[in-house]
1. Kindly state which strands (runs of 3 or more DSSP E) lie completely within the range 77-182 and contain at least 2 residues that are more than 27 Å from residue 50 (Cβ to Cβ) and of a type in the set (A, V, I, L, M, F, W, C).
2. Can you find a residue in the range 48-62 that is farther than 17 Å from residue 105 by Cβ, exposed (fewer than 13 other Cβ atoms within 10 Å of the Cβ) and within 17 Å of the chain's Cα centre (by Cα)?
3. Cβ-Cβ below 8 Å, separation at least six or inter-chain, first residue in the range 120-145 and under 18 Å from residue 108 (Cβ atoms), second acidic (Asp, Glu) and in a loop (DSSP other than H, G, I, E, B): which pairs?
4. Inside the range 121-173, can you point out the residues that are closer than 16 Å to residue 42 by Cα, small (Gly, Ala, Ser) and buried (at least 18 other Cβ atoms within 10 Å of the Cβ)?
5. Can you tell me which of 61, 24 is among the charged types (D, E, K, R), assigned to a loop (DSSP other than H, G, I, E, B) and in contact (Cβ under 8 Å) with a residue 12 or more places away in the chain?
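Throughout, read-outs are computed from the coordinates displayed, never taken from laboratory work. A quick note: this is a predicted structure, and the numbers were derived from the prediction, not measured. Here the Cβ positions follow ideal geometry from the backbone for every residue, glycine too, while neighbour counts run over all protein chains shown.
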Amino acid sequence: MNSLTAEQVEKAIEEKEKELIRVKEELAALRKQLPSFMVKDYLLTTTEGTKVALSKLFGDKKELVVIHNMGKSCPYCTLWADGLNGFTKHIENKASFVLTSPDDYQKLDQISKSRGWEFNCLSTEGSTFKEDLGFKDENRNVLPGVSVLLKNDDGSIHHYTKAAFDPGDEYCSIWSLFELLPGGSGDWGPRNKY
């Protein structure tokens, strides 16, 4: 097999980038076809220990982006949250935005303050929120990801769509940057402290 010229490689890269955009658009369209379902008005706990109804988290918006974090013990979830923190104001301009964690509110308060997270953080401890939204596996392990919830004019809440988080996904830009490195991401993994 003959090696490609630099021009051929650049053209192939351009074609793959266009294909990737097309596939992402198809994936987004498929996610929108997931059947929505009613979500109850869960009581979650703020980092101050106050109970708050899910419906109140929408503020004046009809859409709520909910990050499903696995808790302080997961450095990958911390990495995603650190990255999303930089987008907080941009996201909140379009939709309400919160991070949920199975950790108790004191632990969640400690990590959110230590990381400088600017978004609302809520503990789901004592609720079936993560399980009901599909972010617990059959062994009751919490899974990372994101849900989009919609609040209707009558106040009812519906789960609109969701996506799982996984190393290399499109929700954490560090992986795309590492792909540009000669060695890729290799065996690199995030840590809560370096």
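1. Of the strands (runs of 3 or more DSSP E) lying wholly inside the range 77-182, those with at least 2 residues that are more than 27 Å from residue 50 (Cβ to Cβ) and of a type in the set (A, V, I, L, M, F, W, C) span 157-164.
2. No, the range 48-62 has no match at all.
3. 123/103; 123/104; 125/103; 125/104; 143/137; 144/166
4. Within the range 121-173, 123, 127, 147 qualify.
5. 61 is the lone residue from the list that is among the charged types (D, E, K, R), assigned to a loop (DSSP other than H, G, I, E, B) and in contact (Cβ under 8 Å) with a residue 12 or more places away in the chain.
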